[in-house]
Amino acid sequence: MENKRRDFLKTACAPVVLSMFGISVLEACSSGDDETAPPADDNSSTDGETSTTVTIDLSSSNFSDLSDIGGWVNYLDEDLLLLRISETEIRAFSNVCPHQGTQNKWSHGNGKFSCSQHGKSFDDTCSSSLTCYTASIAGETLTVTIT
């Protein structure tokens, strides 16, 4: 039993082992100097920020609520709140509540997203406390750029 523990400690990444004891270390868990390429849908902007593009098939039944103006979807897989504004516009927001970080307790009405975790409401405009992302529609495809 002691040998298995010792072997584990020798091969485990130091931050993982230290985190088991409640010690945080900001270090990568890699023993090599090789760099990995970013995912295919990640792009780097000229100012050093990284952006990610999310592509959504609006014809999917998962997004049928977006077919009507005023319809909305909490897209948990990508941490997005999506709101149909017009035939040509869908707004995309982060679904992380700025107050308590809740992602799955949203409702929408009267021009506001409400978090039922604590009852705080946020305007569904891009000037509210919710992070708003650039979104564009081409046919049945919604493209959201997350920066």
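Bear in mind these aren't lab numbers, they're just calculated from the coordinates by the rules spelled out. Values in this document were obtained by computation on a predicted structure and should not be read as measured data. Cβ coordinates were reconstructed from backbone atoms using ideal geometry, including for glycine residues, and neighbour counts include every protein chain displayed.
Once you sort the root eigenvalues of the Cα gyration tensor of the range 42-146 as a ≥ b ≥ c, which label holds: rounded (a/c under 1.5), prolate (a/b larger than b/c) or oblate (the other case)?
Since a/c reaches 1.5 but b/c is at least a/b, the shape of the range 42-146 is classed as oblate.
Residues in the range 49-76, backbone N under 17 Å from the label point at Ser116 (7 Å along the Cα-to-beta-carbon vector): list them, ranges by number please.
72-76
How high is the FRET efficiency between Asn104 and Asn62 when r is their beta carbon distance and R₀ equals 25 Å, given to the nearest 0.05?
The pair Asn104/Asn62 has a calculated efficiency of 0.95.
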